[in-house]
Amino acid sequence: MTLLITVFAAVAVTVKWYNRKNDDMRLGSLALMYWGASLMWFVDAIAEYIELEAEFFAPEAADMLNDSFLGLSVVALGLVIWVVRLLIADPKGVVKKAIGRGTATAEAETGKE
C-alpha cells in the first residue's frame, strides 16, 4: 500500500508539474520527493518479496492498514517539507510583503506612543 499511495501521489504531482504555466510553486521538487519515496518502497517490496515469497501477496488486514497509514504519512511529510521550502524561497514575495507590513505597523504604533 505504501508503494501504491506514493506512486499515485508522484503521478498526480508530475501531471500537474507537466501542465504548469510557470514554476512558481516549485512542483518539480515535490514530484522528485514522491518519485524518490516510490523508488524506496519499490526496493522495499522487492526485498520483502525475496524474503517472504508467496506470503507477500496475502497480507493481513492489519498490515495493510499500517502500510496505508505509513504511505499517507510519507505523502503528508512530503507536503510539509514542500510547503516549508516554498515559504522559505517565497517565489511570489508574499511572505516578505506580509512581514514588511507587520514591521511597518509595529513601527507606526511604536512611533505614536
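The table below lists the values:
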{"read-out": "Binned Cα-Cα distance frequencies in the chain - 10 Å width, integer %", "value": "13, 30, 23, 16, 10, 6, 2, 1"}
{"read-out": "Nitroxide proxy distance, nm - points 7 Å out along Cα→Cβ at K96 and A12", "value": "3.2"}
{"read-out": "Part-to-part distance (alpha-carbon centres) for the range 50-80 and the range 1-18, which is given in Å", "value": "16"}
{"read-out": "0 to 90° range, to nearest 10: angle between helix 2-18 axis and the chain longest Cα axis", "value": "50"}
{"read-out": "Crossing angle, helix 27-52 versus the chain [Cα axis fit, 0-90 degrees, rounded to tens]", "value": "20"}
{"read-out": "Expected 222 nm ellipticity per residue - DSSP helices of 4 or more, -39500 (n - 2.57), all of the chain, to 500", "value": "-28000 deg cm²/dmol"}
{"read-out": "Selection of GluC sites (Glu not before Pro), the range 14-103, meeting DSSP coil and at most 10 other Cβ within 10 Å", "value": "E60"}
{"read-out": "Cα coordinate range in the range 1-62, projected on the principal axes (Å, largest first)", "value": "47, 20, 16"}
{"read-out": "Estimated distance in nm for a label pair at R20 and E53, the labels positioned 7 Å out from Cα along Cα-to-Cβ", "value": "4.7"}
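Throughout, read-outs are computed from the coordinates displayed, never taken from laboratory work. Computed from a predicted model, the values in this text were never measured in an experiment. As a convention, Cβ positions derive from the backbone with ideal geometry for all residues, glycine included, and neighbour counts pool all protein chains shown.
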